[in-house]
Structures are given as C-alpha cells and as structure tokens.
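J.: What follows is a structure written as structure tokens; I'll ask about it next.
The values are calculated or read from the model by the stated rules, or taken from the named source; none is laboratory data. Everything numeric in this text was worked out from a predicted model, so none of it was measured. So basically every Cβ, Gly included, is an ideal-geometry build from the backbone, and we count neighbours across all protein chains shown. To get the accessible areas, we keep the full protein, side chains included, count just its heavy atoms, and leave off ligands, DNA and RNA. Shrake-Rupley method; radii C 1.70, N 1.55, O 1.52, S 1.80 Å.
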Amino acid sequence: MPRLSYLKALNRALGDELARDEDVFLLGEDIRVGASNVTAGLLKRFGPDRVLDTPLSEQAFTSFATGAALAGMRPVVEFQIPSLLFLVFEQIVNHAHKFPLMTGGQCAAPVTYLVPGSGSRTGWAGQHSDHPYSLFAHVGITTVVPATPADAYGLLVSAIRHDDPVVVFAPAGALGVRDDVDFAALAPVPLGVGAVRRPGTDVTVVAVGHLVHDALAVAEDLAEQVSVEVFDPRTLYPFDWDGLAASVARTGRLVVVDDSNRSCGIAGEIIATMAERVPMVAPPARVTRPDGAVLPFAQALDRAVQPSREQLTAAIHHVTKDR
C-alpha cells in the first residue's frame, strides 16, 4: 500500500471536499501559497474563488466565515498558529456556535476551523505552542484531535460535512507521521467515536493526538511487564465516554497523557468522569504539561515542558504497582 503522511492526508481531505461540494471554500492567511503546506496545490486546482487569502485580521475573516456559513456555504478557516484561536474565541463561541442554538435551529453555521501545527515540537516559543482544545470542549463545540493520517483525513471530512462549527487540531507532533494507507479505503470517521489502538488488560492509557504514538511505543516497551490498553479519543467533544468506560472497566486502572496544561485540562475531565462512572482498583494518574506552562523558545527546554515517554512509563508503573 502507498504511504500517506498526516499532512498530505489533510490536504487530500480538503481537495476531496472542494471537489465534492461547491459550497466548500477555504480562507486564511497565505493559504494560496500553501504556507503550512496543508493547502498546497489547491489554488491551481480550484481557483481564487474557492481558495481565499485573507488580510491579517483574524476577527474579521472569522466573522466573514460565520456569515458565509449562515448564508449556506461551508467555509474552512485555517489558523497557522494555535494562539490565534484566543483572538477569535468571541467569533467562534458567541457567534458561530450560539446562533443555531439561540434561533431554535432556524439557521446552521457549518464552519470548520483547522489548526495545523497545534502545540510544538521544534521551539515555536510561547505565542505559538498552545493546545487550547479544552476551551472549545468546555463550551460545547465539536473538537477533534486526530492522531493518524487516516483519521486526519476522515475526521476533517466529517468536520466539513457537519452542520455545526468544528475545531480540528492537527498537532505539530503528528504532522510528519506516515502510515501505509489504502487510498480507496479513506472515508469519513464518525465524530464522537474513540478507538482502542492496542488492547490490554492491566491499565488503560488515554492519549490525546500525537501522544497516541508515544503511548503505543511505551506499551510495546512494557509488554513483558504490564499489559497496556491504549485508547485514542479522537474527538474530545463529544467524548466517547461509553467506549472509554468499557476499556477502564476491563482494566480497572487509568492513566491519561495530554500535551496541554494541567489545570482545567481535558486530562482532569477524563479522570473525573471515569471516577464517577467506573470503579477502579488504583487511583488514576495524569501526565501533562505543568500548571500554567508557557513553552520556551530553546528546543531542549521546549521538549522538557512537554509530557515524555519516561513520565508516562513512571505513571503506568505507579498505578499498576499493587497489581
């Protein structure tokens, strides 16, 4: 089978949806030249009316996307830097998200917000390195974080076809991942459905985004000591609580690894919900960035603030020590 990179999967999904539905169009800063490579080649294929470069005013073009969606279009907005979402929180949350709800469903706002390069792996420094997906999950906006090329394709396609706003975080740590993929088998991935990436019996590890690959590597390293089940939520809101509860019920133990800040993060929500729903034989653990972390520019310090395989290994040993 051919190899497909995560980045190319996003590009393929955009191209396929532009070709399938003439109401789909793209907008963002420098997307005609494919500054992030996600939109590379799409201007030539679909022309300037479907691939729109915008001024450097995020609030303005995000509001424009909301208006276009209310008028029946399906805009996809690319934000090359995750921190830009803080600038447009008003437009996404108070406008696009709430209009359908506050009109009793008389309108729809099918906007997709694509964030390629969320987080950091290469020293992007404090204003470029956030993973603010918990903010959107908190207010009830569909929020997805694909881990694999096939899911990057399938979840982005589902997001574009969804009739409500969807934020798609494509972690920087996943963009270079490559898998053997049957292109003919690429298909939409349902929103709100998680996946067990590796079955196990001793502990469930929930890994968000690119950390799925770290969790799988740790599970393999520990295979002769601990049987680790790796659960990939794929969608953080709506979350597949039933799927995860079934996993934790099998193993009785839980570790969550998430590359975002500890306080008020998705890891804490996962642990709290499972504590409410499933009896566990050991206290759960989470591996995250520190409280209030702002990533430094120096690459060694950048990586030191992010969750590591060593930290995950220690957490797994801690929750299984009385096994």
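J.: Select from region 11-27 the residues that are of a type outside the set (Lys, Arg) and in contact with a Phe, Trp or Tyr (Cβ under 7 Å, 6 or more places away or on another chain) and write down the one among them that is surrounded by the fewest Cβ atoms within 10 Å (Cβ to Cβ). Before you say what the answer is, go through the steps one by one.
T.: Kept after step one, since they are of a type outside the set (Lys, Arg), are these residues of region 11-27: 11, 13-19, 21-27.
Right, trim to in contact with a Phe, Trp or Tyr (Cβ under 7 Å, 6 or more places away or on another chain) and you get 13, 18, 27.
Values: ALA13: 25, LEU18: 21, LEU27: 19.
Here the residue is LEU27.
J.: I would also like to ask the following. Here is a list of conditions, (1) of a type outside the set (Ser, Thr, Tyr); (2) under 19 Å from VAL168 (Cβ atoms); (3) in contact with a Cys (Cβ under 7 Å, 6 or more places away or on another chain), and PHE99 meets all of them except one; can you say which number that is?
T.: All conditions are met except number (2).
J.: Between ARG45, ARG20, ARG32, ARG50, which is within 26 Å of PHE99 (Cα to Cα), of a type in the set (Lys, Arg) and more than 22 Å from the chain's Cα centre (by Cα)?
T.: Working: ARG45 fails: within 26 Å of PHE99 (Cα to Cα); ARG20 fails: within 26 Å of PHE99 (Cα to Cα); ARG32 fails: within 26 Å of PHE99 (Cα to Cα).
Step by step, each of ARG45, ARG20, ARG32, ARG50 is checked, and only ARG50 is within 26 Å of PHE99 (Cα to Cα), of a type in the set (Lys, Arg) and more than 22 Å from the chain's Cα centre (by Cα).
J.: Can you name the condition, by its number, that LEU312 falls short on among (1) in contact (Cβ under 8 Å) with a residue 40 or more places away in the chain; (2) in contact with a Phe, Trp or Tyr (Cβ under 9 Å, 6 or more places away or on another chain); (3) of a type in the set (A, V, I, L, M)?
T.: (2)
J.: Sticking with this one: In region 1-10, which residues are open to solvent by 30 Å² or more (accessible area, probe 1.4 Å) and closer than 21 Å to ALA159 by Cα?
T.: Of everything in region 1-10, those that are open to solvent by 30 Å² or more (accessible area, probe 1.4 Å) and closer than 21 Å to ALA159 by Cα turn out to be LEU7, LYS8.
J.: Tell me, which strands (runs of 3 or more DSSP E) wholly within region 160-205 include 3 or more residues that are surrounded by fewer than 23 Cβ atoms within 10 Å (Cβ to Cβ)?
T.: 178-180, 195-198
J.: Also, quick follow-up: Return the pair list, or none, for Cβ contacts closer than 8 Å from residues in region 1-27 that are free of Cβ contacts under 8 Å to residues at least 40 places away in the same chain and assigned to a helix (DSSP H, G or I) to residues that are β-branched (Val, Ile, Thr) and surrounded by 22 or more Cβ atoms within 10 Å (Cβ to Cβ), at least 6 apart or on different chains.
T.: These pairs meet every condition: ASN11/VAL38; ASN11/THR39.
J.: Which is assigned to a loop (DSSP other than H, G, I, E, B) and not aromatic (Phe, Trp, Tyr), of GLU229, GLU224, GLU269?
T.: Details: GLU229 fails: assigned to a loop (DSSP other than H, G, I, E, B); GLU269 fails: assigned to a loop (DSSP other than H, G, I, E, B).
Answer to the check: GLU224.
J.: Spot the failing condition for THR103; the list is (1) free of Cβ contacts under 8 Å to residues at least 60 places away in the same chain; (2) under 20 Å from VAL38 (Cβ atoms); (3) β-branched (Val, Ile, Thr), and only one is missed.
T.: Only one criterion is unmet by THR103, namely (2).
J.: Mind listing just one residue for me: the one in region 215-233 that is open to solvent by 30 Å² or more (accessible area, probe 1.4 Å) and in contact with a strand residue (DSSP E or B) (Cβ under 9 Å, 6 or more places away or on another chain) and, of those, farthest from VAL177 (Cα to Cα)?
T.: The residue in question is SER227.
J.: Another question, if that's okay. Of all residues in region 235-264, which are open to solvent by 30 Å² or more (accessible area, probe 1.4 Å), within 16 Å of PHE169 (Cβ to Cβ) and not in a loop (DSSP other than H, G, I, E, B)?
T.: Answer for region 235-264, where residues must be open to solvent by 30 Å² or more (accessible area, probe 1.4 Å), within 16 Å of PHE169 (Cβ to Cβ) and not in a loop (DSSP other than H, G, I, E, B): TYR237, ASN261.
J.: What pairs come out if I take residues in region 120-139 that are closer than 11 Å to ALA172 by Cβ and pair them with residues that are among the aromatic types (Phe, Trp, Tyr) and open to solvent by 50 Å² or more (accessible area, probe 1.4 Å) whose C-beta lies under 7 Å away, six or more apart or interchain?
T.: Pairs that qualify, where the first residue is closer than 11 Å to ALA172 by Cβ and the partner is among the aromatic types (Phe, Trp, Tyr) and open to solvent by 50 Å² or more (accessible area, probe 1.4 Å), are GLY123/PHE297.
J.: Please specify each residue of region 295-320 satisfying the condition of being more than 29 Å from THR251 (Cα to Cα) and touching a helix residue (DSSP H, G or I) at 6+ places or on another chain (Cβ under 7 Å).
T.: Within region 295-320, LEU295, PRO296 qualify.
J.: So which residues in region 91-100 are in contact (Cβ under 8 Å) with a residue 60 or more places away in the chain and more than 13 Å from HIS162 (Cβ to Cβ), if there are any at all?
T.: Across region 91-100, the qualifying residue is only ILE92.
J.: Considering only residues that are in a helix (DSSP H, G or I) and open to solvent by 70 Å² or more (accessible area, probe 1.4 Å), which ones fall in region 278-323?
T.: Across region 278-323, the qualifying residues are GLN299, ALA300, LEU301, ARG303, ALA304, ARG309, GLU310, GLN311, HIS317, HIS318.
J.: Which condition breaks for PHE136 when tested against (1) at pLDDT 95 or above; (2) in contact with a His (Cβ under 7 Å, 6 or more places away or on another chain)?
T.: (2)
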